[in-house]
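See structure below.
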Amino acid sequence: MLYLPAPDEPALLPLLRRLHAETRTAQPQQDEVVRAYLLLTLELAARQFGAEASGGAALAQQQVRQFGALLNQHFRTRRTVQEYAELLHLTAGHLNAVCRRVLNKTASALIHERVVVEAQRLLTHSALSVAQVAHELGFDDASYFGRYFRKYAGQPPEQYRQQR
């Protein structure tokens, strides 16, 4: 689900434009800059939409935000909903339900998306081999990484890299 910035939050649109521009070409410390823009954008959006939320909806948004923060920290080493649910002191079913309600996606879909986005970033902006990208993302087997990437990105990593 996509929410567009309201007219009373003029800071979001320029931040989104700068975030997008930052991801288009490789730059020194690009990861840190992207994280900072993303965090600032999400916090401003949460402030705006948090005021509209009430009770259970606010709790659900907070849980999804916490899940997102944990996902950004641990996506290289943790790939199951159960692992994140335990870190959040929730059940896997509850975490999935909250993500589905707030973002219209399951927690496992969000985990896969995060891994694939990082893989795409590495394939696009680094000279690492596919095996090195696999290792960087915590995959022990490069061929399994290739199957994983193909399943969730729709094409093999080599083909994705050639098209960029």
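So which residues in region 21-47 are β-branched (Val, Ile, Thr) and within 14 Å of Arg65 (Cβ to Cβ), if there are any at all? Step through it out loud before you land on a result.
First pass over region 21-47, keeping only residues β-branched (Val, Ile, Thr): 23, 25, 33-34, 41.
Of everything in region 21-47, just one residue is β-branched (Val, Ile, Thr) and within 14 Å of Arg65 (Cβ to Cβ), namely Thr41.
Among residues of region 25-46 being free of Cβ contacts under 8 Å to residues at least 24 places away in the same chain and surrounded by 15 or more Cβ atoms within 10 Å (Cβ to Cβ), the one that is farthest from Leu122 (Cα to Cα) is Ala46.
Just so you know, all these numbers are worked out from the coordinates, no wet-lab data involved. Computed from a predicted model, the values in this text were never measured in an experiment. Every residue, glycine among them, receives a Cβ derived from its backbone with ideal geometry; neighbour counts consider all protein chains shown.
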